[in-house]
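Enquirer: Dumping the structure here so I can ask a few things about it.
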There are 2 protein chains.
Amino acid sequence: MTQKLLETLFFRVFDNPILARRHDGAVLETGAKRLAFTTDSYVVDPLFFPGGDIGELAVYGTVNDLAVCGAEPRWISAGFIIEEGLPMEVLARVAASMRRAADRAGVSIVTGDTKVVPRGRGDGIFINTAGVGIVPEGVEIDPAGARPGDVVIINGPIADHGIAIMALREGLDFETPVVSDTAPLHTLAAAVLQTCPTTRVLRDPTRGGVASALNEIARASSVGIVLDETSVPVRDAVRGACEILGFDPLYVANEGKLIVIAPGDAAGKIVERMRELPEGRESCAIGMVTSEHPGTVVMRTLIGGTRIVDMMSGEQLPRIC
Amino acid sequence: MTQKLLETLFFRVFDNPILARRHDGAVLETGAKRLAFTTDSYVVDPLFFPGGDIGELAVYGTVNDLAVCGAEPRWISAGFIIEEGLPMEVLARVAASMRRAADRAGVSIVTGDTKVVPRGRGDGIFINTAGVGIVPEGVEIDPAGARPGDVVIINGPIADHGIAIMALREGLDFETPVVSDTAPLHTLAAAVLQTCPTTRVLRDPTRGGVASALNEIARASSVGIVLDETSVPVRDAVRGACEILGFDPLYVANEGKLIVIAPGDAAGKIVERMRELPEGRESCAIGMVTSEHPGTVVMRTLIGGTRIVDMMSGEQLPRIC
């Protein structure tokens, strides 16, 4: 399995005019003055799981990081660190999956790199993607932008991705199988921004789950956030698995969830618009931003009490993405 | 060694206004319509070597890939895959080295990501960097742009990086120590473009060495390239080590070398300008582009014969960058 073989594979599968120039980098005709730029490495174990695989994750993860910057995702880089002995079929499956994901998300994989490490010095395949997107004029998404009176919206049930992976690792079987929610969120994010150009924050709550994402926003914006337990959507199978495994779904990783924080008077219109799109079908408001307890997230529980939803303490689930 | 600790380290060391926004991605005010975008993963073994380390390599490598696109390097992303158990001091040293390299190259590390894999599933630290740079108006660097009559120029002795790493691994000792040539090349590349705006190709001959880089250019441009053996600079210690280790210096990796292919009538002026800069002090012409044997690189040897300089066949040096 030589470098050349790999490169031939990737060039063929990812083929596009920019990549075809075979330059050390890609030259992008942006026609825009403001860009978003992001990166993530993917080390998920196992490589293939119900609802997705590492390749799809690597594309959508970076697409979504661009989308939550308010950007239109356009160009992706791909860096592969491959353990010697990885079967060529696995690599081909991953590459094909990345291409499908890129096509679905409307991005091109325009530059890349492959490194091979000896057996036992890696683990199958690690993928890094970086992404560049165009930030439309007037869009100002800011993690420090949440204000009292804003509403917190999410596009559907939480914790699917983390539980799909953990169930597979632990050999759990469900009557209703739990599958990863991996999905590109750029269309949904763009629809939100179009419906409410003054949307304050967009965030995809991946590692650390909804709890960590909201804590970061509460701190950055110096506001409190109050979640309503009865409103936070969790599938029954996921709730059951969380109980068995000892997880709080608020801390479990998602891959296709979008948190929207927007002015209260626009919330109804935003939810309505989100529900028109397949990836927003189950959208709902889950909480409010308040001037009380700045920097802290609390949950109003079923029985009417409140509890603090802290940053994740202790271990995060390893290699969930 | 938790995620948080890591992130605190990186945010502190890489600190800049864009990174400080703690967004999922960086928003770049480019003020330009044409950008270069590139990525590379770094898995060099060992992490620290004479003349450099993985952190410096990861910054300069990506800076140089942008420079050879004719771009002014500006923004860098950093993705870390860390093996559990890596000493914090090692990480801090690598991060500090990246910061120094970024400052020297005039780039900011604006977005990043950290993943931890269990012991034995990685190897210390792997780093991916992606980079975005601005391509000035009128610059048209094209790997397929070499034409008969062009001259091939290089900025100094070849094979230093690969031999520095291999000597360390093999425990070789030299009277004159061989150190990696790791260096940022953007200032040199910009000076070349300013001296000769019609420069055809810029290339940094890293993995696979000068031979592979020139073969790629010869094929892409459908031209022949003739190297002059007496002109290709190789330090004595490097030549000696190559003999001991059984390598041809033309195939050994470089990290701070720049190949320039430019119209013959501009070659003298370019070499003169390159020599004025520290990283170009030892610049010289090493060959010509010809319409003969398109797609092939040949070497006119010391004794007046010619031999074909093929693409690297067989194994590349593993984990050289």
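Enquirer: Using only the heavy atoms of the protein chains and a 1.4 Å probe, how would A:LYS269, B:LYS257 rank by accessible area, largest first?
Expert: Numbers: A:LYS269 120, B:LYS257 15 Å².
Solvent-accessible surface, decreasing: A:LYS269, B:LYS257.
Enquirer: What are the ³J(HN,Hα) values, in whole Hz, obtained from phi via the Karplus relation 6.51 cos²θ - 1.76 cosθ + 1.60 with θ = phi - 60°, for each residue of the stretch B:198-206 in sequence order, with x given for Gly and Pro?
Expert: These are the phi-based 3J(HN,Hα) values: 8, 3, 7, 9, 10, 7, 9, x, 8 Hz.
Enquirer: Assigning unit charges at the beta carbon (Lys, Arg +1; Asp, Glu -1) and nothing else, what dipole magnitude in debye, to the nearest 20, does the protein assembly as shown show about its Cα centre?
Expert: It works out to roughly 760 debye.
Enquirer: Kindly express, to the nearest 10 degrees and within the range 0 to 90, the angle between helix A:186-195's C-alpha long axis and the longest C-alpha principal axis of chain A.
Expert: For A:186-195 against chain A, the angle is about 40 degrees.
Enquirer: Which order do the peptides A:295-307, B:235-247, B:129-141 take when ranked by the mean count of other beta-carbon atoms within 10 Å per residue, highest first?
Expert: B:129-141, B:235-247, A:295-307
Enquirer: I would also like to ask the following. For the stretch A:151-308, what is the Kirkwood estimate of the hydrodynamic radius, computed as the reciprocal of the mean inverse distance between distinct Cα atoms, to one decimal in Å?
Expert: Values: mean 1/r = 0.0632 Å⁻¹.
Here the Kirkwood hydrodynamic radius works out to 15.8 Å.
Enquirer: Nearest 5 is fine: what % of DSSP beta bridges in the stretch B:12-135 come out antiparallel, could you say?
Expert: Numbers: 20 of 29 bridges.
Of the beta bridges lying entirely in the stretch B:12-135, close to 70 percent run antiparallel.
Enquirer: When the helices in chain B are scored as -39500 (n - 2.57) per DSSP H run of 4 or longer and the sum is shared across all residues, what 222 nm value do you end up with, to the nearest 500 deg cm²/dmol? List each step's numbers first, then the result.
Expert: Details: 8 runs with 97 residues, N = 321.
Value at 222 nm, helices only, nearest 500: -9500 deg cm²/dmol.
Enquirer: Quantify how strongly other chains surround peptide A:129-138 by giving the mean number of their Cβ atoms within 10 Å of each of its Cβ atoms. It would help to have the intermediate numbers written out before the result.
Expert: Details: counts 6, 15, 5, 10, 2, 0, 4, 0, 0, 0.
The per-residue average across the peptide is 4.
Enquirer: Still on this structure: Using a label position 7 Å from Cα in the Cα→Cβ direction, what is the ascending list of nm distances from A:GLU272 to the same site in the other copies?
Expert: Values, ascending and in nm: 7.3.
Enquirer: Taking the Cα-to-Cβ direction at B:THR230 and at B:VAL179 and moving 7 Å from each Cα, how far apart do the two end points lie in nm?
Expert: A separation of 3.2 nm, rounded to one decimal place.
Enquirer: While we're here: Roughly how many debye, to the nearest 20, is the charge dipole of chain A about its Cα centre, given +1 on each Lys and Arg Cβ, -1 on each Asp and Glu Cβ, and no other charges?
Expert: 640
Enquirer: A follow-up question, please. In the stretch B:185-321, what % of DSSP beta bridges are antiparallel (nearest 5)? Working shown, then result.
Expert: On the way: 10 of 14 bridges.
DSSP beta bridges in the stretch B:185-321 are roughly 70 percent antiparallel.
Enquirer: Check which residues have an amide H placed less than 5 Å from B:LEU172's amide H, if you skip close sequence neighbours.
Expert: Hits under the 5 Å cutoff: none.
Enquirer: Report the relative contact order of the stretch A:12-135, percent, no decimals, based on alpha-carbon pairs under 8 angstrom and at least 6 residues apart.
Expert: Relative contact order here is 42 percent.
Enquirer: So what's the angle, to the nearest 10 degrees on a 0 to 90 scale, between helix B:54-67 and the longest Cα principal axis of chain B?
Expert: 50
Enquirer: Same structure, new question: How far is A:ARG93 from the same spot in each other copy, in nm, shortest first, if each label point sits 7 Å from Cα toward Cβ?
Expert: The projected label point of A:ARG93 is separated from its counterparts by 4.0 nm.
Enquirer: Hey, if you put +1 on the Cβ of every Lys and Arg and -1 on every Asp and Glu Cβ in the stretch A:12-135, which of A:LEU28, A:GLY131, A:GLY52 ends up farthest toward the positive end of that dipole?
Expert: A:LEU28
Enquirer: How far is it, in nm, from the label point at A:GLU276 to the one at A:ILE303 when both lie 7 Å from their Cα along the line to the Cβ?
Expert: Using points 7 Å along Cα→Cβ, the separation is 4.3 nm.
Enquirer: Right, something else. Over all residues in B:215-222, what is the mean tally of Cβ atoms on other chains that come within 10 Å of each residue's Cβ?
Expert: 1
Enquirer: Chains A and B: what accessible area do they bury, summed, in square angstrom to the nearest 100, with a 1.4 Å probe?
Expert: So the total buried area for this chain pair works out to about 4900 Å².
Enquirer: Rounding to the nearest 10 and keeping the result within 0 to 90°, find how far the Cα-based axis of helix A:236-245 lies from the longest principal axis of chain A.
Expert: For helix A:236-245, the angle is close to 80 degrees.
Enquirer: What percent antiparallel are the DSSP beta bridges of the protein assembly as shown, to the nearest 5? List each step's numbers first, then the result.
Expert: On the way: 86 of 112 bridges.
Among the beta bridges of the protein assembly as shown, antiparallel pairing accounts for roughly 75 percent.
Enquirer: Right, next: Efficiency by 1/(1 + (r/R0)^6): what FRET value for A:HIS293 and B:THR8, r their Cβ-Cβ distance, R0 = 35 Å, to the nearest 0.05?
Expert: The formula returns an efficiency of 0.90 here.
Enquirer: Continuing with the same structure: Going by amide H atoms built from the backbone, whose H comes under 5 Å of the H on A:ARG34, apart from near neighbours?
Expert: Residues meeting the amide H criterion: A:VAL135, B:THR30.
Enquirer: Per residue of A:115-122, count partner chain C-beta atoms within 10 Å of its C-beta, then hand back the mean as an integer. Walk me through the numbers before you get to the answer.
Expert: Numbers: counts 12, 4, 8, 5, 0, 3, 11, 8.
Mean shielding by partner chains, rounded to a whole number: 6.
Enquirer: Leaving ligands and nucleic acids out of the surface, order A:HIS186, A:HIS161, B:HIS293 by accessible area at 1.4 Å, largest first.
Expert: From most accessible down to least: B:HIS293, A:HIS186, A:HIS161.
Enquirer: List, largest first, the extents of the alpha carbons of the stretch B:108-168 along their principal axes, each in whole Å.
Expert: So the extents along the principal axes, rounded to whole Å, are 54, 36, 21.
The values are calculated or read from the model by the stated rules, or taken from the named source; none is laboratory data. What you see is a predicted model; the values in this text were computed from it and never measured. Heads up, the Cβs are rebuilt from the backbone with ideal geometry, glycines too, and the neighbour counts pull from every protein chain shown. Each accessible area value is taken on the protein alone, full model and side chains, heavy atoms only, with ligands, DNA and RNA left out. Shrake-Rupley method; radii C 1.70, N 1.55, O 1.52, S 1.80 Å.
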